[in-house]
Amino acid sequence: MRVSRRDLLLGGLGLSAGTAAAVLGGEAAVRGLTAGTDGGATAAGADATASAPAAGADAPDPALFGRETRPFAGAHQAGVATPPQAHASLVSLDLAPTTGRERIRSLLRILSQDAARLAEGRAPVTDQEPELAIAPANLTVTFGFGPGLVDRVDPARRPAWLAPLEPFPIDALEDAWSGGDLLLQICCDDPLALAHVQRVLLKSARDFATVRWVQAGFRNARGAVGDGTTQRNLFGQVDGTVVPRGDAELDAHVWMREESAAVPAWLVGGTSMVVRRIRMDLETWDQVDRPGREAGIGRRLGSGAPLTGEHEFDEPDFAATTPQGFTVIHPMSHVRRSRGDDLAPSRLLRRPYNYDAVVPGAGGAGAAVNESGLVFVSFQADLVADFLPVQRRLAEGDLLNEWTTPIGSAVFAVPPGATTDARAGGFPGDGLWA
Ligand code: HEM
């Protein structure tokens, strides 16, 4: 007897043909409500049809529901100042040719409704594995608008900095890791929850856009080191020490506060985001001894302290000299070169993640067994004044360049939080349509 895919599906689910039709038609029906129309789904509609984990005897342990949540709504988007979660997936989407101003709005409404629910541990409308949504593990979903998206909505309101970065002499950029119209930065402390969120969002987006690239990244697992411990990159360095901290520094350096030529009204309360994929050559790094490694960065490997200090957060003394008269911190070290002539600490909110893949088939002495690096992410209120000078200096000279190569680059505007609740059709950046 020939068993059709439909028989298997109905049999496997233990459903009658009628019930199965309703279940299988459910997503299509929801899609008709959401993806097909330009206005997007209303919250009431979304709530009424939302999936929910089974109630009764088969329900998951109630103690698991909604554990560790970060609100999606707020004046600023979550995922910027949020303490970095263990895992990230940065998904860059290209809008379909037919996705114009109104359809982009529909897409963002749908994604916001999905993200707002998922962040609370509630399964959204189209979720077919709702149990995977219940423990969001500090999930944040951050939207970044690429130049192409803003141009399709209102080119007159695209700030000049929202464009690909200028080329740098160290770059070996690949299209496969560069650009994009819409970025979804999904961060979460649980890789299973993250995979589920990513699938839900991509299913919602697939009628509007295609995936351009995905960059998965990781830090220490939650609990492996104490909360608040600065992460390490795959060179073994403590990476993320000097960043703006606390509301006053975030307001001063990360959030766009006032409308100006560089900050259109729809971006006040938002920030700019640079994503650079930077390959790190672990094989040649292996050949460097500890003093050489520490000289390259200007900090100690163990504590992350500057070479002139004892503790991670000690301020480097760039004037201190050795008995031979050389500066203790090499003038071409990464930390010295990232600072300008005034030696002021950096204003960039760096929020990088590591990536790592084993190279299949690699063998033999000195073969590169890993393809590794940093998904470098930096948020700053003023990309031109704060990010570009640092990147230009590092591109001109930085001892670390010996072992690092930028292979991807993208710039996004991260709008502020929604002006109205996601349930009422609000979404981050909705001011661009005002
Ligand atoms: C694979 C590439 C990179 C590696 C391995 C790396 C590593 C590090 C490490 C270990 C530190 C010292 C600890 C800290 O303050 O976080 C640091 C600091 C810093 N890095 Fe990088 N970095 C990389 C790329 C970049 C890029 C592309 C930029 C910006 C364009 C950048 C800007 C900075 C800044 C501004 C600081 C703080 C310096 C200070 O004010 O003390 N880094 N980086």
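Odds and ends about this structure:
- Taking the inverse of the mean 1/r over every pair of distinct Cα atoms in the range 280-434 gives a Kirkwood hydrodynamic radius of 18.6 Å.
- Cα-based helix-to-principal-axis angle, 17-33 vs the chain, degrees rounded to 10: 50 degrees
- Peptides 128-138, 59-69, 387-397 ranked from most to least packed give 128-138, 387-397, 59-69, packing being the mean of other C-beta atoms within 10 angstrom over each peptide's residues.
- A straight line joining the Cα centroids of the range 180-250 and the range 260-307 runs 16 Å.
- Computed 3J(HN,Hα) for the range 422-431, one whole-Hz value per residue from the Karplus formula 6.51 cos²θ - 1.76 cosθ + 1.60 where θ = phi - 60°, is 4, 5, 9, x, x, 7, x, x, 4, x, glycine and proline marked x.
- Protein heavy-atom surface of the chain, 1.4 angstrom probe: 56% of the accessible area is carbon and sulfur, with nucleic acids and ligands not counted.
- Across the range 162-170, coupling constants 3J(HN,Hα) worked out from phi with the 6.51/-1.76/1.60 Karplus curve, θ = phi - 60°, read 7, 7, x, 5, 4, x, 10, x, 7 Hz, and Gly and Pro carry x.
- Options PRO130, ALA357, PHE65, ranked by Cα towards positive dipole end of the chain, top entry (Cβ charges): PRO130
- Considering only GLY302, PRO244, PHE379, and ranking their Cα positions along the charge dipole of the chain that arises from unit charges at the beta-carbon of Lys, Arg, Asp and Glu, the one farthest toward the positive end is PHE379.
- Think of a 1.4 Å ball rolled over the protein heavy atoms: the chain then has 45 Å² of accessible area per residue.
- Summing +1 for each Lys or Arg and -1 for each Asp or Glu among the other residues whose beta-carbon sits under 15 angstrom from that of THR405 gives -4.
- The magnitude of the dipole of the range 176-313, with charges of +1 and -1 set on the Cβ of Lys/Arg and Asp/Glu and taken from the Cα centre, is near 460 debye.
- Pairs of alpha carbons in the range 300-372 whose separation is greater than 18 Å (percent): 58 percent
- Each Lys and Arg adds +1 at its Cβ and each Asp and Glu adds -1 at its Cβ; summed about the Cα centre, the chain shows a dipole of about 840 debye.
- The ellipsoid equivalent to the alpha-carbon distribution of the chain has semi-axes of 42, 26, 20 angstrom, derived from the gyration tensor eigenvalues as √(5λ) and listed largest first.
- Reduced Cα scattering model of the range 180-265, Debye log10 I(q)/I(0), q = 0.16 Å⁻¹: -1.02
- Using R0 = 35 Å, the C-beta based FRET efficiency linking ASP227 and ASP289 works out to 0.60.
- Estimated FRET transfer efficiency (GLU129, ASP251; beta-carbon r; R0 56 Å; 0.05): 0.90
- Each residue, THR322 and GLU68, gets one label point 7 Å from its Cα in the Cβ direction; the gap between the two is 4.4 nm.
- Inter-label distance, ASP341 to THR405: 3.5 nm, where each label sits 7 Å from its Cα along the C-beta direction.
- Sorting the segments 190-197, 313-320 by their residues' average number of neighbouring beta-carbon atoms within 10 angstrom, most packed first, yields 190-197, 313-320.
- Net length available on complete extension from ALA265 to HIS311 is 12.4 nm, with 0.36 nm assigned per residue and the Cα-Cα distance removed.
- 222 nm mean residue ellipticity, helices alone, for the chain (DSSP H n ≥ 4; -39,500 (n - 2.57); rounded to 500): -7500 deg cm²/dmol
- Residues of the range 391-418 with amide N under 16 Å of the 7 Å Cα→Cβ point at GLU166: 391-397
- The residue list TRP161, LEU192, THR142 was ranked by how far each Cα lies along the charge dipole of the range 142-192 toward its positive end, using unit charges on Cβ atoms, and TRP161 comes out on top.
- Between 0 and 90°, nearest 10: helix 191-205 axis offset from the chain longest Cα axis: 60 degrees
- Pair-distance profile P(r), taking every C-alpha pair of the range 340-397, with 10 angstrom steps and integer %: 18, 35, 22, 18, 7
The values are calculated or read from the model by the stated rules, or taken from the named source; none is laboratory data. Note that the coordinates shown come from a computational prediction; the quantities given were computed from them, not determined experimentally. FYI the Cβ positions are ideal-geometry reconstructions off the backbone, even for glycines, and counts take in every protein chain you see. The accessibility values were calculated without ligands, DNA or RNA, using every heavy atom of the protein model including side chains. Shrake-Rupley method; radii C 1.70, N 1.55, O 1.52, S 1.80 Å.
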